[in-house]
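The values are calculated or read from the model by the stated rules, or taken from the named source; none is laboratory data. Just so it is clear, the model here is predicted, and its values are computed rather than measured. Here the Cβ is made from the backbone with ideal geometry for all residues, glycine too, and neighbour counts use every protein chain on show.
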């Protein structure tokens, strides 16, 4: 296990496995180009080790040059590709083989294709040492692949996390065991939103509010939003699998998070089980469920005061507030049993100042 900045990484590919993949690519290209002198174009910065070892393995005449593109910040691809070093000169009528360290989303590849499509090269092909087929949209052919890998963030052998790790001889993957994933419970007025804001900043967590996710998908007319709306318009409950898929999309959009706060889901034991299955598929798990507990009378006064400011009608009617509390108690009771059976249920006193409640939450999370 190694630590780079704030993240832990565990061994994934040995130097021997990597060099075997490099040799495989070199042998395949040699079959196609040994009778001419191709130009190999390495993509900086990540491909410098791959290019160096590839050239040692390729025992035929060749030339080498480099381009430099960038689309990564930290753990995530920004989707905006910058050209920092342009294509080599004098490539007219020549065969070009691009040497990429890794192809995942395809953003950089798209820019490479654009760059070389505007030249008079005889042809160009693409070789990638690592390839993530699960997230690559397949818009362009990848002619030579060393190793197909799952959608895990990796470092080493030229690949970095915030510029650290490039000099490692092996490849390491992000260790999800150090993630903190929480389910946050609390009656209306218990302060979940306020405390979630603190937790996500303090621990680099992504707050996933099911209500916000639904509103985003419906407002933006996504495929899942349209599907959810079709059930809502008929007065039916949105199936759990649709909600889970929305949550999965949110998790996939935030690979740099150190964990997630699930707020508003699960609401039933069946949903809790479905969430566990989904997280297991990502090598993740719920570390704890935290319930902000507070006296009903205190919360009623909080909500009535909030209603004066927000204008929300459901915060201005005491009977409606009590009905919401009853619904919460009815739904949460079986979930409490579910998580208590796994020793993952934590109760936190939600009465006091914001700072006092925050400190109590901190103690729970720091103990995980």
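Below are the figures for this structure:
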item: Subset of region 13-34 that is at pLDDT 95 or above and not in a helix (DSSP H, G or I) - its residue that is nearest to the chain's Cα centre (by Cα); result: 13
item: Candidates 236, 240, filtered to the one that is over 24 Å from the mean Cα position of the chain (by Cα) and either more than 25 Å from residue 336 (Cβ to Cβ) or at pLDDT below 90 (or both); result: 236
item: Any hit, region 209-218, residues being in a loop (DSSP other than H, G, I, E, B) and touching a residue at least 24 places away in the same chain (Cβ under 8 Å); result: no
item: Residue that is surrounded by the fewest Cβ atoms within 10 Å (Cβ to Cβ), among those in region 37-65 that are in contact with a helix residue (DSSP H, G or I) (Cβ under 8 Å, 6 or more places away or on another chain) and under 22 Å from residue 165 (Cβ atoms); result: 53
item: Long-range neighbours under 6 Å by Cβ, at least six apart or interchain, first residue modelled with pLDDT of 85 or more within region 321-340, second surrounded by fewer than 16 Cβ atoms within 10 Å (Cβ to Cβ) and part of a helix (DSSP H, G or I); result: 325/296; 334/269; 338/269
item: Number of positions in region 106-127 that are in a loop (DSSP other than H, G, I, E, B) and more than 19 Å from residue 50 (Cβ to Cβ); result: 5
item: From 300, 321, 290, 286, residue being assigned to a helix (DSSP H, G or I) and closer than 23 Å to residue 266 by Cα; result: 321
item: Cβ-Cβ under 8 Å pairs, at least 6 apart or on other chains, region 51-77 side not assigned by TED's automatic domain parsing to the domain that holds residue 115, far side assigned to a strand (DSSP E or B) and modelled with pLDDT of 90 or more; result: none
item: Top-ranked residue of region 333-356 - restricted to ones that are touching a strand residue (DSSP E or B) at 6+ places or on another chain (Cβ under 7 Å) and closer than 13 Å to residue 294 by Cβ, ranked as surrounded by the most Cβ atoms within 10 Å (Cβ to Cβ); result: 350
item: Looking only at region 198-231, and only at residues there that are loosely packed, with under 14 Cβ neighbours inside 10 Å and closer than 25 Å to residue 315 by Cβ, the one that is farthest from the chain's Cα centre (by Cα); result: 219
